[in-house]
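A.B. asks: Okay, handing you the structure first.
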Amino acid sequence: MATLNIVLQKFAAFRFVQGKTRLLFTKYLLLTNTVITVSLSGTGDALQQYYEKVQKRQKHWNSVRTRHVCWTGAVIGPMCHFWYRYLEDILPGRTIMPVMKKLFLDQVVFTPVYISVFLIMLGCFERATLGEMMHDLQHKGVVLLKADWIIWPPAQMVNFCLLPVQYRVLYDNTISLGFDCYYSHVKYRTDQDSELDRNVVHWSSTHMDEPDEEEYDEDEHLHGSVHLREFFSI
């Protein structure tokens, strides 16, 4: 009898959790998708920073940077929520033709917007100038877009073919956890690399006009050779 009561209690608990989970993915779907995107975006940046610390490229965890990345998720999460619902409204079904059309629109229309929002929001948080944000869009944005076009088409085929619309943002964020690390890598490590490149260019430009001892020695040697040839030609 005691065993039966335990089984019934566990079953009741399971049904309770199942009911609450169903509410998260029906009535509170927008909130659920937003929280998922915020939390996994921040997790991706934290993992990337941990990797940088292991590689001795970074000394301390930058909590402000992670908070900024989380805030991008607060905007991108609702964007993804409404985007997937819109695609399902205009192209219902999971057969090959609707799926291919969804995939095309997702990669050509939504992905550039997604990347632009990510970079612009981070630029605003960091008080970057308009020129700096445009530079990020033209360089880092292109790098991220190319990577997206390699990774996401097969992943989105699975998303559009197999999953109901209410679970697509969850799937999207689960797959993109590793990709969020790459987003942070491109955004922040490229900044340091670019700064190094600028320092190298600056050093080269400041030292270009300085006299070089070896060049002067060579010129002196050539000048002496000319005098020797003139002496022997007399």
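Throughout, read-outs are computed from the coordinates displayed, never taken from laboratory work. Because the structure is a prediction, the values reported are computed rather than measured. Cβ: placed from backbone, ideal geometry, glycine included. Neighbour counts: every protein chain shown.
A.B. asks: For the pairs 53/146; 53/140; 27/53; 101/140; 27/146; 59/102, flag any whose C-alpha to C-alpha distance is greater than 32 Å.
C.D. replies: On the way: 53/146 27 Å; 53/140 22 Å; 27/53 41 Å; 101/140 27 Å; 27/146 36 Å; 59/102 43 Å.
Checking Cα-Cα distances, 27/53; 27/146; 59/102 exceed 32 Å.
A.B. asks: Hey, another quick one. If Lys and Arg each add +1 and Asp and Glu each add -1, what is the summed charge of the other residues whose beta carbon sits under 13 Å from the beta carbon of residue 141? Present the calculation step by step, with values, prior to reporting the outcome.
C.D. replies: Numbers: positive: 140, 146, 187; negative: 132, 136, 148.
Residues near residue 141 contribute 0 overall.
A.B. asks: Same structure again: Across the stretch 25-75, how large is the tail of the calculated P(r) beyond 17 Å, expressed as a percent of all Cα pairs?
C.D. replies: On the way: 533 of 1275 pairs.
Pairs farther apart than 17 Å: 42 percent.
A.B. asks: For residue 152, what is the net charge nearby, where nearby means another residue's Cβ is under 14 Å from its Cβ and Lys, Arg count +1, Asp, Glu -1?
C.D. replies: Neighbour charge sum, excluding residue 152 itself: -1.
A.B. asks: In sequence order, what are the phi-derived ³J(HN,Hα) couplings for the stretch 120-134 according to the Karplus relation 6.51 cos²θ - 1.76 cosθ + 1.60 with θ = phi - 60°, rounded to whole Hz, with x for glycine and proline?
C.D. replies: Once θ is set to phi - 60°, the couplings for the stretch 120-134 become 5, 4, 5, x, 5, 4, 8, 6, 6, 6, 4, x, 5, 5, 5 Hz.
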